[in-house]
Amino acid sequence: MNKHTINLVTNVVLFQATWFSLVMGPLWLAVIPLTTLLIHAGICSDNAKREIAFAFCVMCFGVICDSIMMTFNIYSLQPLSVFDQSLLPSWLILLWVAFSMSLKHSLNWLFSMPKVMLIILTIVGPASYYAGAQLNPQRIVIELDLIYWVMIQWAVLSLIILGLHEAFYNRALEKEVGVQ
């Protein structure tokens, strides 16, 4: 295996370990895979500052969208403790951190195919929420008949992610090389 493939597989495995630990276990259990994922993403990044800014924006939009969905009772998210009574539980915010930091690594290939990205995220995003609800109904509750709202959420998020990618990478690159 070449270096790119090893980095890709490492990112996928670390993201999945983070997902399972955040959905299934106590918050402290996610510290090792999430920290390792973030370090790995930083080491593998071509431009860490740009990637962190991009990931932060993606995370913010994800948190906003999930907060809206929770407000309208599309799904219900359980906090982990009395100290975690924010609008969105910390485990889901950390999951957005992991997802946003994985975009330029294990999912980077999707940016060259925006329609495919839209379709995949519109299906896989809601499937992830539903899988989490099936594995740990104490953490997230979502009714199957409301999943279409989560599909709409992920379709909108896909378009936002594509727009952010365009702004952070394509337009920024054009400015760096002086293309008008």
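The values are calculated or read from the model by the stated rules, or taken from the named source; none is laboratory data. Note that the structure is a prediction, hence the values are computed from the model and not measured. Don't worry about glycine lacking a Cβ; one is built from the backbone with ideal geometry, like all the others, and counts go over all protein chains shown. Calculation scope for accessible area: heavy atoms of the full protein, side chains included, ligands and nucleic acids excluded. Shrake-Rupley method; radii C 1.70, N 1.55, O 1.52, S 1.80 Å.
Using the beta-carbon distance between Trp149 and Leu27 and R0 = 25 Å, what value does 1/(1 + (r/R0)^6) give for FRET efficiency, to the nearest 0.05? Between Trp149 and Leu27 the formula returns 0.40.
Apply 1/(1 + (r/R0)^6) to the Cβ-Cβ distance of Phe72 and Phe20, taking R0 = 35 Å, and write down the FRET efficiency to the nearest 0.05. Efficiency, from the Cβ-Cβ distance: 0.80. Remark: the chain projects, on average over all directions, an area of 11.1 nm² (convex hull of Cα atoms). Using the Cβ-Cβ distance between Val9 and Cys60 with R0 set to 22 Å, the FRET efficiency from 1/(1 + (r/R0)^6) comes to roughly 0.20. Once C-alpha pairs closer than 8 Å and six or more residues apart are averaged by separation and normalised to the residue number of the chain, the relative contact order reads 26 percent. Exposed loop positions in the chain were taken to be chymotrypsin sites (Phe, Trp or Tyr not before Pro) whose DSSP state is not H, G, I, E or B and which have at most 14 other beta-carbon atoms within 10 angstrom. Between these positions, the longest stretch is 84-180. Long hydrophobic helices in the chain, taken as whole DSSP H segments with a C-alpha length of 27 Å or more on their own axis and mean Kyte-Doolittle hydropathy at least -1.0: 3-24, 48-71, 114-135. Under the simplified labelling scheme, the Ile52-Val124 pair shows an inter-label distance of 2.6 nm, with each label point 7 Å from Cα along Cα→Cβ. Expressed as a whole percent, the accessible area of the range 85-125 that falls on carbon and sulfur atoms is 78 (1.4 Å probe).
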